[in-house]
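This report concerns only the one structure given below.
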């Protein structure tokens, strides 16, 4: 069989897994399309294996191969008996896909589709949790389906026991390193606690530039929520998170949030020109959230 899958990496892997399950025990070989592999791949496609009843070749990152004439011609002659060949990439539409018995493109799921995928992954992993668990997962993965699967795998260590909301928050990647408590303290104007959490984050090895831009993103998220409210449209994110952001945004108001964003830009310029360290800029930006 010849299968070609492109688009969202997790959905491609799931499609591949279904096809591989149909093959019995035999040789499995993985090649990488962005490395020199065309010659060995064509040779494999032309040869019979006398010692293995079934063989599978999986070619990942196959985009550079999708228009290769030699490969397309070889595949057009058919595959040896017992051989399955599968290509995965970002966009494999074209001659290669037209040769396939199964050619599928998978857009990255968003919104309700991403939540539906989270529910499927939780069910497959046997994970039970609070009503907000799907929303927590969607927020944690940042729209990346592979990261979503990783987070579900982390929750699966509980082995079927029902998770409480607190346990789920502690296990998920965005809660574990105290980043959200830090951002939450900033948004609530709790500068002392925010500085305490910041010191702990830096002690644990978090990058000051990474944390700086998380604060900048948080300011933009609060402004986005205010803008959505003013325009009468829904803000992105799960309801519980939108409510929390709206509460913080209204506490500061648009003008003050814009001032913080401008300050962040000024501090960023000073860091990039060597006039200020990233850690000092982060501490100054944290202090700027102090209530007047």
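Identify which of the listed values of mean projected area of the Cα convex hull in nm² was calculated from the structure shown: (i) 20.2; (ii) 15.5; (iii) 14.6. Step by step, mean projected area of the Cα convex hull in nm² for this structure corresponds to label (i). The Cα atoms of segment 179-287 give a gyration tensor whose axes a ≥ b ≥ c have a/c of 1.5 or more with a/b greater than b/c, which makes the shape prolate. Relative to the longest principal axis of the Cα atoms of the chain, the long axis of helix 9-20 makes an angle of roughly 30 degrees. For the chain, the longest principal axis of the C-alpha atoms and the axis of helix 208-231 are separated by about 80°.
Across the chain, the relative contact order, built from alpha-carbon pairs under 8 Å that are at least six residues apart, equals 15 percent. Helix 239-252 and the longest principal axis of the C-alpha atoms of the chain enclose an angle of approximately 30°.
Taken together, the values in this text are just the output of simple stated rules run on the coordinates, not laboratory data. Model, not experiment: these values are computed from the prediction.
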